[in-house]
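Asks: Questions regarding the structure given below will be posed in turn.
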Amino acid sequence: MARRGQPARPPAVLLSGGETTVTVRGRGRGGRNLEFLLALALALDGRAGIHALAADTDGIDGTEEAAGALVGPDSLTRAARLGLDAKAMLADNDAATIFAALGDLVMTGPTRTNVNDFRAIFVQE
């Protein structure tokens, strides 16, 4: 979308819902939304002008107390400054630890509603 203006020209928000699938191979902490965001941050590799939010509407992502998290162009740089290896943490299914260290977890508490997982990617370029 940022490169081609498809399916919309920036600035725009891409919205999606539904539960993603995670293959658990590691021993880390996190849920589907946190895993999605860490993989997205790695795929974007600091690309300017793209921010994302992913969260679970019931306020709990998997078994974590967080509903989800936020990602921005500086997420990986800030993680590296803290000595965190984002690729290794994704391989260990440990997205909750990295977002907690960054202070980027979305904490809503239980909402007592379970409509869907929600993702919003804002592209401003």
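The values are calculated or read from the model by the stated rules, or taken from the named source; none is laboratory data. Note that this is a predicted model, so its numbers are computed, not measured. Every residue, glycine as well, gets a Cβ built from its backbone with ideal geometry; the counts of neighbours run over all protein chains shown.
Asks: For region 27-39, state whether one or more residues are modelled with pLDDT of 95 or more and on the phi > 0 side of the Ramachandran plot.
Replies: no
Asks: Given the criteria more than 23 Å from L14 (Cβ to Cβ), modelled with pLDDT of 95 or more and charged (D, E, K, R), does D74 qualify?
Replies: No, not satisfied.
Asks: Now, a different point. Before we move on, is E65 under 14 Å from the mean Cα position of the chain (by Cα) and either β-branched (V, I, T) or exposed (fewer than 15 other Cβ atoms within 10 Å of the Cβ) (or both)?
Replies: No; evaluated as a whole, the condition is false for this residue.
Asks: Do you know which of the residues in region 103-125 that are of a type in the set (D, E, K, R) and farther than 15 Å from L44 by Cβ is surrounded by the fewest Cβ atoms within 10 Å (Cβ to Cβ)?
Replies: Ranking the qualifying residues of region 103-125, first place goes to R112.
Asks: Residue check, G46 against (1) surrounded by 14 or more Cβ atoms within 10 Å (Cβ to Cβ); (2) over 20 Å from M107 (Cβ atoms), all met but one. Which one?
Replies: That leaves (1) as the condition not met.
Asks: Residue by residue through region 37-68, note down the ones that are in contact with a Gly (Cβ under 9 Å, 6 or more places away or on another chain) and either in a helix (DSSP H, G or I) or of a type in the set (A, V, I, L, M, F, W, C) (or both).
Replies: L37, L38, A41, I50, A52, L53, A54, A55, I60, A66, A67
Asks: Considering only residues that are farther than 19 Å from D117 by Cα and of a type in the set (A, V, I, L, M), which ones fall in region 17-66?
Replies: Initially, region 17-66 is screened for residues farther than 19 Å from D117 by Cα, giving 25-28, 42-50.
Of everything in region 17-66, those that are farther than 19 Å from D117 by Cα and of a type in the set (A, V, I, L, M) turn out to be L42, A43, L44, A48, I50.
Asks: Let me ask something else about it. Among the candidates A100, A55, A96, which residue alone is more than 19 Å from L14 (Cβ to Cβ) and crowded, with 20+ Cβ neighbours inside 10 Å?
Replies: A96
Asks: Name the residue that is surrounded by the fewest Cβ atoms within 10 Å (Cβ to Cβ), counting only residues in region 3-34 that are outside any loop (DSSP other than H, G, I, E, B) and not polar (S, T, N, Q).
Replies: Only one residue fits best here, namely L15.
Asks: Give just the number: which of (1) in contact (Cβ under 8 Å) with a residue 60 or more places away in the chain; (2) more than 10 Å from the chain's Cα centre (by Cα); (3) under 25 Å from Q124 (Cα atoms) does R4 not satisfy?
Replies: Among (1) in contact (Cβ under 8 Å) with a residue 60 or more places away in the chain; (2) more than 10 Å from the chain's Cα centre (by Cα); (3) under 25 Å from Q124 (Cα atoms), R4 violates only (1).
Asks: Another question about this same structure. Could you tell me whether L37 is closer than 23 Å to P11 by Cα, in contact (Cβ under 8 Å) with a residue 60 or more places away in the chain and surrounded by 19 or more Cβ atoms within 10 Å (Cβ to Cβ)? Give the derivation first.
Replies: On the way: closer than 23 Å to P11 by Cα: yes; in contact (Cβ under 8 Å) with a residue 60 or more places away in the chain: yes; surrounded by 19 or more Cβ atoms within 10 Å (Cβ to Cβ): yes.
Yes; evaluated as a whole, the condition is true for this residue.
Asks: Okay, next question. How many residues are touching a residue at least 12 places away in the same chain (Cβ under 8 Å) and not in a strand (DSSP E or B) if we restrict to region 69-86?
Replies: Residues meeting the conditions: 11.
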